[in-house]
1. Given an 8 Å cut-off on Cα distances and at least 6 residues of separation, report the relative contact order of chain B as a percent.
2. Quick one: compute the contact order of chain A, relative version, from alpha carbon pairs under 8 angstrom and 6+ residues apart, as a percent.
3. Could you list A:R152, A:R225, A:R23, B:R43 in order of exposure, starting from the residue whose Cβ has the fewest other Cβ atoms within 10 Å?
4. Cα centroids of the stretch A:199-242 and the stretch B:38-53: how far apart, whole angstrom?
5. Once you put a point 7 Å from the Cα of A:E228 and another 7 Å from the Cα of A:V205, both along the Cβ direction, what distance in nm separates them?
6. So for each of A:48-57, A:126-135, A:184-193 I average, over its residues, the number of other beta carbons within 10 Å; can you give me the resulting order with the highest mean first?
7. Distance cut-off 20 Å, Cα to Cα: go down the list A:K11/A:K330; A:K122/A:K186; A:K235/A:K266 and report the pairs above it.
8. What percent do you get for the relative contact order of the stretch A:1-160 when only Cα pairs under 8 Å and 6+ apart count?
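Just so you know, all these numbers are worked out from the coordinates, no wet-lab data involved. Not measured: the values here are computed from a predicted model. Here the Cβ positions follow ideal geometry from the backbone for every residue, glycine too, while neighbour counts run over all protein chains shown.
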Amino acid sequence: MRPVAVIGIGKTAFGAFADRDLRSLAVEAGEKCLADAGVSASKVEAFYLGNFAGPSFVGQNHLAPYIAGGLGIMGVPCTRFEAACASSGSAFFHAVSAVGAGLYDFVLVGGVEKMTSQPTPKVTEILAGAGDMAGEGRAGATFPALFAMIARRHMYQYGTTREQLAAVAVKNHANGAKNPLAHMRKVITLEQALAGKPIAEPLTVYDCSLISDGAAAVLIAPLERAREFTNQPVKVMGIAQTSDHVALDQKDDITTFRAVVEAGKKAYKMAGVSANEIQFAEVHDCFTIAEIIAGEDLGFVKKGEGGRYVEQGCTALNGPRPVNTSGGLKSKGHPVGATGVGQICDVAQQIRGEAGERQIARHDIGLAQNLGGSGATAVVTILGVA
Amino acid sequence: MAGMKGTIYTETVIHAAPEQFVKDAPYQLAIVTLDEGKRLTARIAGDRVAIGDQVVEAESRDRIPFFKKA
């Protein structure tokens, strides 16, 4: 495979935008991305879009050409990818595969979700469709409930504490407060996080990511052509997408996401690096427990030590390996279909040294981990300076 | 299926329910490891249960299995 680079990034703010529709958000991100790369829409040879549930949230299908048309991208393959919360991570994986294989030189990858036009119980029901509706869904499982059951088991097996879960939320809110595009720019205390309204025990509202509207886009190209467009190409050093059972009750051990472990191993191998060499990461903290498990599954810490790792400040903005400098899904927001590509934008922004108040000192090599459902899809990407 | 026995592998109490179950909230949901080895997701009837508790199938409502403490 020939090396691939990210040559443009663009994001909307994430939040609850009553006056914005899905298409306008996706078009805004796409236009920002093309402007960032200095590439015109006529050069784009394919448009890959990640979107989880546009048809359910806003009643719109056939989304990829619908958005491409708004961007002036015509007459090329425009395809929507759906892999629950890893929809745009999956779109990015397939776009990198296509450019790497030599099919195209310029592929625009977008991600979008418009969630806030539905009331919360309806959103909860739509999100539950990322699980097994014939089993856990029929019994009344919600996504917070699935991750609550994961948290309970992790606490039981490894002694992970409520305070360690809350520490993830406190850290991510501290980071998100410094991110101008974040949904909830609010610092919270450990006491607040612990006293939050219960959603699915032991998780409170502060353990759950936000219901958000938003979009993100990246433009990828062969590395050998990247410098025609930017002085700061970001190299895709390694990438992998893997899968596992959709139903949580079919997994042998729910305290680990096997798909993440496998995707991580493949991505590390492709990049020729070890977990120790990853300087920072954006991980999929759809719930606080998911960030703790991500640290373990990606090899940043030993199994069972993910809670302590966060609690001790190892992943703070000024820690040895900052995690979710963007604020994560917890504070930045989680417009489901936009999250995977949004993470790529956030990692690329740090590598380019453009993260402003959140800029970290060591930013040559970073990782993005995007999770679909309760772990049935995982995408791990390693990005670095070219 | 009736009379299944098992052990609680994990559990939660759901406060924020999906639209169709809002009237039931809060309710307890669990993954049960059946004595035969398989796992299934079930609702809990009666007293709250914790990881490791022995449970038996109590009833099935709308094809949803309900378990209770053994």
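1. About 33 percent, as a whole number.
2. 26
3. Result, fewest neighbours first: A:R225, A:R23, B:R43, A:R152.
4. Cα centroid of the stretch A:199-242 versus Cα centroid of the stretch B:38-53: 38 Å apart.
5. With each label point 7 Å from Cα toward Cβ, the separation is 5.2 nm.
6. Highest to lowest by the protection proxy: A:48-57, A:126-135, A:184-193.
7. Beyond 20 Å: A:K122/A:K186.
8. That works out to 25 percent.
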